[in-house]
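Here the structure is laid out as structure tokens; the discussion comes afterwards.
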Amino acid sequence: MSRALLRFVRVSPTKARLIAREVQGMNAELAIAALEFMPNKAADIISKVIASAVANGEYEPEEVVITSCRVDKASVMKRFRPRARGSASRILKPTSHILVEVGVAMNGKEA
């Protein structure tokens, strides 16, 4: 089993979790192919993390299964926008930590 962790990526954890749930349990090769055609920003990022996890274990993408794809909340960048009458409103820019674990598939089950 190998893993890859991408920290402080500038994508909302809520939006990234929607993509992460789609690929959990899939074959890594099929997951990368499916993510290529998704229009989300998080899909491209998660695809690269999956490829990194496969490379970290020195596997081929067709022989591994994504055992875990987790998106955790990271720090939030706080910005301010000027508003009427000298006031300001806060803008929150969330960041995420993305963890992907892959394992070798044997007879339809991960090892």
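Between the range 80-100 and the range 1-24, how far is it from one alpha carbon centroid to the other, in angstrom?
With the range 80-100 and the range 1-24 each reduced to a Cα centre, they are spaced 21 Å.
Counting other Cβ atoms within 10 Å, which trypsin sites (Lys or Arg not before Pro) in the range 54-90 have at most 11 and lie in a DSSP loop?
Details: sites: ARG70, LYS73, LYS78, ARG79, ARG83, ARG85, ARG90; in loops: ARG83.
For trypsin sites (Lys or Arg not before Pro) across the range 54-90 that sit outside H, G, I, E and B with at most 11 neighbouring Cβ atoms in 10 Å, the list reads ARG83.
Are there any GluC sites (Glu not before Pro) in the range 1-92 that are in a DSSP loop and have at most 11 other Cβ atoms within 10 Å? List them by number. List each step's numbers first, then the result.
Working: sites: GLU22, GLU29, GLU36, GLU58, GLU62, GLU63; in loops: GLU58.
Counting only loop positions with at most 11 other Cβ atoms within 10 Å, the GluC sites (Glu not before Pro) in the range 1-92 are GLU58.
Residue farthest toward the positive end of the dipole of the chain, with Cβ of Lys/Arg at +1 and Asp/Glu at -1: which of VAL49, PHE80, MET1?
The one lying farthest along the dipole's positive direction is PHE80.
Pairs of alpha-carbon atoms within less than 8 angstrom and 6+ residues apart define the contacts here; what relative contact order does the range 2-110 have, in percent?
Computed value for the range 2-110: 39 percent relative contact order.
Quick one: dipole size for the chain, taken about the Cα centre, charges +1 on Lys/Arg Cβ and -1 on Asp/Glu Cβ, in debye to the nearest 20.
Details: 18 positive and 11 negative charges, 327 e Å.
That gives a dipole near 1580 debye.
Coordinate-derived values only; no laboratory data. Please read these numbers as outputs of a predicted model, since none were measured by experiment. Because the Cβ atoms are built from the backbone with ideal geometry, glycine has one as well, and the counts that use them run over all protein chains shown.
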